[in-house]
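Report on the structure given below.
The values are calculated or read from the model by the stated rules, or taken from the named source; none is laboratory data. These figures come from a predicted structure and were not determined experimentally. All Cβ positions, even for glycine, are placed from backbone atoms using ideal geometry, and neighbour counts span all protein chains on display. Areas reflect the complete protein model, heavy atoms only, side chains present, ligands, DNA and RNA absent. Shrake-Rupley method; radii C 1.70, N 1.55, O 1.52, S 1.80 Å.
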Amino acid sequence: MIRLVFELARPTIGFVPQQGRITEVGVADQAERPVNGLQKRDPLASVDSVQDAFAREDYICDRSLALAVKLAWSLRKPLLLEGEPGVGKTEVAKVLASALGTELIRLQCYEGLDAQSAIYEWNYAKQVLRIRLDERSGRPAEEVESTIFSDEFLLSRPLLRAIRHPGPEPAVLLVDEVDRADEEFEAFLLELLSDAQVTVPELGTFRAVHPPVVILTSNRTRELNDGLKRRCLYLWIDYPSPAKEWDIVLRKVPGIPSKLAEEVSAAMQRLRSIEFYKRPGVAETLDWARALVDLGVQRLEASVLQETAGCILKYREDLERLRTLEPEGILGREPAIEGT
């Protein structure tokens, strides 16, 4: 059997053809080696250290999220985050990558996404050019075929990029809005989630030496497969409390007065209690707060709420419903909101 070893300049990925066994090459204790002779401090060693690391990135991380991230890191388990749109699920992966000082690799899911788009593609133009050159040289067809289906012509897509990441820190792989993909796509993820490996039929199986930290997000537009869920740790991220949202606004919106930040957060809490088609998330809170600062608003008024409602609500029906409500109630200046 002929063993093929790829990434010679980065001896962290081992591979043999599909009919053989999977191997790892040149990896002895590489993940645990000190950096420049010094032991590198683990920024996710405890729940408190996770909260501190996220706070340095201006992300308010409560204990339940910090615990989930710490366990996903120490147990090398994927973490599935579910919640309403705009509550900060995607931001968790971005902040985690920054805290670890590593690359964030993002796979944005959509209906019709297939394994080839997510794992790999062949550079067809380069392959055709090589075939034409080899035809002139008179090389045997079998030799040409083995050449064009080699690492030189392989285009790594997000999943394969994460598996082949050279380290020393593992990449953070964000599989965003996995519920938007077809159910069949979930089956392709199981190999990666279970064994930190992916298979390219023409070449074989690539196994990660530095398994990626995998964060999956879902808006729960449909139920996910039980097989996928069993391979993950799970956390539901809810809308923040008024105090937490106020803190988020103060951190993320430079120059906003503390009183205005408090009014914005309180108004958003009341808006979420109304049966809109799509309730606003934290992302809309920050958009609204930035718009108010840009307009020089110092205090929320009913007219300001109506004029800037497009920062908060993104459906015509929701905007029309807002006009039927008593704005003073949303601003907390009346005992109740009519029409909830």
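List of remarks:
- Amide H within-cut-off set for VAL87, under 5 Å, with H built and near neighbours excluded: VAL282
- Karplus 3J(HN,Hα) series, Hz, for region 193-202 with 6.51 cos²θ - 1.76 cosθ + 1.60 (x for Gly, Pro): 5, 7, 10, 6, 8, 9, 10, 9, x, 6
- Separation of the SER117 and GLU152 label points, Cα + 7 Å toward Cβ, nm: 3.0 nm
- Hits among aspartates and glutamates - C-alpha to C-alpha of LYS77 under 14 Å, sequence gap 8 or more where chains match: GLU191, ASP195
- Integer Hz, Karplus 6.51/-1.76/1.60 couplings in order for region 279-286, x for Gly and Pro: 5, x, x, 5, 4, 5, 4, 5
- ASP238/ARG132 FRET efficiency (R0 56 Å; Cβ-Cβ; nearest 0.05): 0.45
- The string of couplings for region 165-177 from the Karplus curve (6.51, -1.76, 1.60, θ = phi - 60°) is 4, x, x, x, 7, x, 6, 9, 9, 9, 9, 8, 6 Hz, one whole number per residue in order, with x for Gly and Pro.
- Stretchable slack from ALA45 to LEU75, in nm (0.36 nm times residue separation minus alpha-carbon distance): 9.6 nm
- Annotation: average projected area of region 280-323 is 3.0 square nanometres, based on the convex hull of Cα atoms across all directions.
- Near the amide H of LEU216, within less than 5 Å, lie the amide hydrogens of LEU79, LEU80, LEU81, VAL175, all on another chain or at least 5 residues away, with H placed in the peptide plane.
- Rough spin-label spacing in nm, given labels placed 7 Å along Cα→Cβ, for GLU91 and ARG230: 3.5 nm
- Each of PRO240, ALA196, VAL175 was scored by the projection of its Cα onto the charge dipole of region 118-275, and the greatest displacement toward the positive side belongs to PRO240; charges sit on the C-beta of Lys, Arg, Asp and Glu.
- VAL293 accessible area, 1.4 Å probe, all protein chains in place, Å² to nearest 10: 50 Å²
- Kirkwood hydrodynamic radius (C-alpha pairs) into Stokes-Einstein, region 37-113, 10 °C and 1.306 mPa s, D in µm²/s: 117 µm²/s
- Per-pair calculated FRET efficiency, R0 = 35 Å: ARG56 and GLU301 via Cβ, rounded to 0.05: 0.45
- Of LYS244/LYS278; LYS89/LYS252; LYS70/LYS252; LYS94/LYS259, those spanning more than 19 Å from alpha-carbon to alpha-carbon: LYS244/LYS278; LYS70/LYS252; LYS94/LYS259
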